[in-house]
1. Looking only at the range D:36-88, how many residues end up being surrounded by fewer than 21 Cβ atoms within 10 Å (Cβ to Cβ), within 14 Å of chain C (Cβ to nearest Cβ) and farther than 24 Å from D:S351 by Cα?
2. Is it fair to say C:T232 is β-branched (V, I, T), without any contact (Cβ under 8 Å) to a residue 24 or more places away in the chain and at the interface with another protein chain (Cβ under 7 Å from one of its Cβ atoms)?
3. Please work out which residue is farthest from the other protein chains (Cβ to nearest Cβ), limiting yourself to the range D:285-315 and to residues that are assigned to a helix (DSSP H, G or I) and among the aliphatic types (A, V, I, L, M).
4. Would you confirm, using the coordinates I've provided, whether C:T193 is within 14 Å of chain A (Cβ to nearest Cβ), modelled with pLDDT under 90 and either in a helix (DSSP H, G or I) or surrounded by fewer than 18 Cβ atoms within 10 Å (Cβ to Cβ) (or both)?
5. Is it fair to say D:R278 is charged (D, E, K, R), more than 10 Å from chain B (Cβ to nearest Cβ) and buried (at least 22 other Cβ atoms within 10 Å of the Cβ)?
6. From the residues in the range D:240-255 that are in a loop (DSSP other than H, G, I, E, B) and modelled with pLDDT of 95 or more, which one is farthest from B:S22 (Cα to Cα)?
7. Considering only the range A:95-128, how many residues are of a type outside the set (D, E) and either more than 7 Å from chain C (Cβ to nearest Cβ) or within 17 Å of A:L167 (Cβ to Cβ) (or both)?
8. Checking the structure you have, find out if any residue of the range C:205-225 is touching a Lys or Arg at 6+ places or on another chain (Cβ under 9 Å) and in a loop (DSSP other than H, G, I, E, B).
Amino acid sequence: MRALLEARGLRLAFGGVKAADGIDLDVMEHEFLAIIGPNGAGKTTFINMTTGYLKPQGGTITYSGAEITGRRPRDIVRRGVARSFQLPQLFSEHTVEENAALAIASREGIWSPFAPLLRPAWRQEARELLDRFGLLPVAGQRADALNEGTRKLADIAMAVALKPRLLLMDEPTSGVAAAEKMGIVETLVRVLRDARVTAVFVEHDMDVVERFADRVAVWSQGRIAALGPPAQVLADPAVQRDVIGIERPAAGVAHA
Amino acid sequence: MGDWFEQNGALLGLALLDGIASAALIFMVAVGLNLVFGVLRVLNVAHGSLFAIGAYAAASIGLFFTSAGLPAWASLPALLLAAMIVGLVLGPLIERLLLRRIYSEEPVLQLLVTFALFMILEDAQKLVWGVQPVSFSAPVSLMGTVDVPFGADVIPYNTYQVILLPAIAVATLIGLALFLRRTLTGRVILAVTTDREAATAMGIDARKVYLLTFTFGAMLAALGGALSTPTASLVPGIGASTIVLSFAVVATAGLGQIEGAALTALMIGIGRSIAVTFQPELEVVVPYLIMVAVLLVRPQGLFGVVETRRV
Amino acid sequence: MTQPRIELLLALLGAAAMVLAAMATPWLKFVLTLALAKGIAVLGIMLLLRAGQVSFGHALYVALGAYTVAFLAPSMPDAALLLVAAALGTTVAGLLIGLFVSRYREIFFGMLNLALSMVFYSMLEKFYHYTRGTDGIRVPSLTVAGVPLDRVSYEWTIFGMALVLALGFGVFARVYLASPLGQALSAIKTRETRLDFMGVSSRNVLLSAYVLSALMAGCAGALIAMTSRHVTPLLAYWTASGELVFIAILGGAGGVLGPFLGAAAYELVRVYAAATVADMWQMILGAVLLLVILFARGGIWGLLSSRLQRGRVA
Amino acid sequence: MPSSFQPTRRQALAAGFGSVLLPSALSAQAPAQRPSEIKIGVTTFLSGAPSVFGVPGRNAAEMLAEEINQSGGINGVPVRLFFVDEAPGIDHLVGEFRRLVQNERVDVMLASISSGSCLACTPLGEELRKVTLLWDCGTQRIFEERNYRYAFRTQANATPEILAPLLYLLKTKPDFRTIAVLNQDYAWGRDSWEIWKTAMDALKPGVRVVAELFPRFGATDFSAEVTRLLALRPDVILSTSWGGELDTFIRQAAERRLFERSTFVLPLAESSLERVGRSLPAGHIVGSRGDHWHQHPRPANPQALQRFVENYRRRYNAYPIYPTYHMAQAFSALRAAYAKAIAANGGNWPSDAQLAAAFPGLEFESPTSRMRIREDGQGLEPQLIGTTVHNDRFPFAVMDNMVVFPPEMVTTPAGQNSVNWLKTLTAEMVNRVPDPIRAG
């Protein structure tokens, strides 16, 4: 297996706070990599740097053999790196179906002013996509009328519609009701595996991490404190104390 | 270059003096507009009307004082009084009756409400003060002139324009800066300017802040008008030309930035008077050229902060 | 019937009503030609409003179109050719200026447009020897596609041109707004960053609408010049830009009919106000605008379409 | 269409069908019935800065119409006025012009304060074959660039209005060597300077122009310009500005003692005298776009002038200024033209064409003199220029040492272009300037 994304020595500080303090990370083709760590550790900053929203002050990011450090978001997307957002970024005046169609249009080329957005082919693709996410029932609703969990799913669906090779997800399950969480993640993972997408996701729920991640990276104060298979990393006492402690007061108990 | 300065240095000095005087007036009008924009996020086109009404009111009150036999020095407080009255009456009236109804609407609707108001007030002014030029120059005559040496010659300047106006502008700038940073109300206003949502979340009563800021902005507009009365004859339409200049100042300065408004006003005032001295045909486009140049380099305005959307 | 069908039907009905009104009253033909022209310009403003951007400077393109006609008319006195020239000229200008202003949003977008139109206004006054300053330039009598016409048939021809252009641009705007490009406009308004993370240059999306709006304003300017037959710098003054935004809101930004309803209402209210109280027309217009914003936010089109919808439900 | 629009629409429909069936060419020539009223459309500024002139013009029109109607109307027919605001721009103005002609069926249009408005209205009046009287605008281009059958001017134009003060300056203070100009930046400001400069170069070559300042139209501060002029110390400062801008300029110049350094020539200052009061010092040259002056030293009909001035003052509490006289001239010309046309038509009411035919060569009374309309449509109006002086009778500067220029002397001959004609002038012309008259 080779690395799809290589980060080397990424550094970025906001004022005095070091959000990235020498990040080195390889993301392997077709793997699911979870990023965990306390709030403010720099997890989102990593996604922001990788997708071009923030420019690192030092270091390089290489994707599929080409350097993409500091490139504009849309150049990076066009190379096959998509992302979803912690706060869903939907077009609130459009329906869910139109949101998905806009993502398809972005992928296929948006520049023809004559054919409608909801042309039959795109409409069908959008509906198929929404169906896989279980969103078909709300396809005709305006995005600003949805509840938070549904918005979250729609947000990820739009990223998936871009048919990326690498998908970065910022807390895909936050805001989703606990009862629905596992079902949603299972759906998501199935969709991504089918499409053979490499995924990086920031996650706070250790159950999700344990069940779905191939590897897990632990963020702490702008550095990677630990990296490896979930079973190994989550068992590390230091990780349990610093990271998981916040999430699961009695590690292991909940599992039992 | 050295030669040029030798020949024109004295002229440049005169141009600076004129520029500072006109910058003072530009600042007084624009700072109120910028403050209101910073807090309410409404670009108030009617600010120009408030300027004009303040000016006309100052002339009326000034002339009334004179005819009532009050001493000449009373003409100065007359200007302030006019600004206070206009701001305190019209400010709350406009905010309560009109703006308050549309804060939740799209910005373009808010802009157009003030545009409609501007159109209405433009004709209302005519009903009250007629169309013949109105003037009240007692304060200028009262304060006399100062002679500025120019080679072997002297150039008389109005004390009112080169000393009193800049002094008032500087006092306003310092007073505003202190008020915003040192007082509780001021900090609340600043908080709403920087992050409206957070401020509201913290329990700040935005409505109160809006009312206060708008009234204050209206007073500053009226004061700008009142202070221009002694040197200018008032005619229909002065509001329209004032507001378009203030727009340029706000965009150049950065939203809500009072120091930005001061620096921009200085740049425009001095730029224009230098143009009058050396290349008069350029004078009228100076504010716009400055604005385009500044925004090319700093898209958020001179003192503006980049608003990053959290993702 | 579907919404676009109803809209088309209404548009054709409106056009027929305008023709009848113009036949009945010759002076109204002039006012309606101007209303159609302004409606075309406002249609462009509406495209930008879709993206949440308000231009306070589109009078620049109206004036540019009008002055193109006035400048070229002596050497090329044909209405059809002049219209094409004005369209080309304003499209190029819109592209050049658009490349610059499409980087900016909200107040900066609005104010930069305002600044550029004021610079143009000043130039029209300053280059007195070419533009005749505030005196303006008279447009000589024109042929249409090579055919010389008497006054009445000329007026009808320009009226017809305005009507055809209005319908054409209206249909085009409807198609454009339904296309991905048009839909991406309102995406700029609601969540611009997402567009960039989908690989779409929101700047270019806005630019496309900006160039279209410049083209529309330019055609409007050409029609205005050919109708009033005299152009002055006042066409470029900031209040003229404000008037366009005013009409957009008056008509309602919802459908493509809004701009034309708004323009017709605006011109008729102004004429009526001017005929009743010649010196208070501004106050009356302001009051109308205020009432529309406070009590009928969807504008005339909003009132109309809600009425229609209710009719269909009942 | 709003229902409140109904009355206009009903009239419009009634009138409109008529004009569709009858091309206007026919109706213009058709023998006319004696109407129940003479409808007069008046375009003037009712808003914006130029309403400084526009509203006094309207005031005068309303006063005159009332006086005419009280005395039985024009040949027994009362007059009715329709006003149009020029401020919203040409497209609105032209639309209203059409509405008044085609819908309200006005009998005559009195067009425009602004030159731009006149240049737009005059050809339209010609196309609609409706008598159009240019009552106030200054541009000399109208009759020099084209011939009109329906348009006439009941006053002078920019050329005599600028040439007269120049000649006055050359006669009274001939020794100046430098000059600066400060005019408003619009057509009048630029045109008037071109006329002055051309004439000055012909009449007194070698005068050095030290500054040409054209501040923005509507400017409210001239401090930088005044500084510039103080530093340059020109012998003469010319300003053809008017309204609030002239008032502001005079005040700012007075406060900073610019009047002590240079002689001012202010061809339009008659309209500002009362407002600026004693701010305008004695010894500077003032004109009034014609021979309008409430203290005219030798009016043709002293009682008529006094009546006009007193009536206007009683009604509007201010001395009449030049646009009010211009309005009076238009009304007087109209009255005279109707009388002439009716006489020529065997006592029958004239058609539009017959009325138009009465204007060339028409003579009529103005409040101060007797005027004539030339064959090319241009009015011949005397020009009165004077020097300011302060006295006890008025709380403002008034004119003394007045010269009344005969129109034939200062008006461009018919068929000639003003600028070309001005170039042919010679210094000898100054000797023909009439002697100044002392104020009574």
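The values are calculated or read from the model by the stated rules, or taken from the named source; none is laboratory data. Everything numeric in this text was worked out from a predicted model, so none of it was measured. Note: ideal-geometry Cβ built from the backbone for every residue, glycine included; neighbour counts use all protein chains shown.
1. Residues in the range D:36-88 being surrounded by fewer than 21 Cβ atoms within 10 Å (Cβ to Cβ), within 14 Å of chain C (Cβ to nearest Cβ) and farther than 24 Å from D:S351 by Cα: 2 in total.
2. no
3. D:A304
4. yes
5. no
6. So the first thing to find is which residues in the range D:240-255 are in a loop (DSSP other than H, G, I, E, B), and the list is D:240-242.
Those left that are additionally modelled with pLDDT of 95 or more: D:240-241.
Working: D:T240: 24, D:S241: 21 Å.
Residue satisfying both the conditions and the ranking: D:T240.
7. The first filter runs over the range A:95-128 and keeps only residues of a type outside the set (D, E), leaving A:95-96, A:99-107, A:109-124, A:126-127.
Now narrow it down to the ones that are either more than 7 Å from chain C (Cβ to nearest Cβ) or within 17 Å of A:L167 (Cβ to Cβ) (or both): A:95-96, A:99-101, A:103-104, A:106-107, A:109, A:118-124, A:126-127.
Of the residues in that region, 19 qualify.
8. Within the range C:205-225, none of the residues are touching a Lys or Arg at 6+ places or on another chain (Cβ under 9 Å) and in a loop (DSSP other than H, G, I, E, B).
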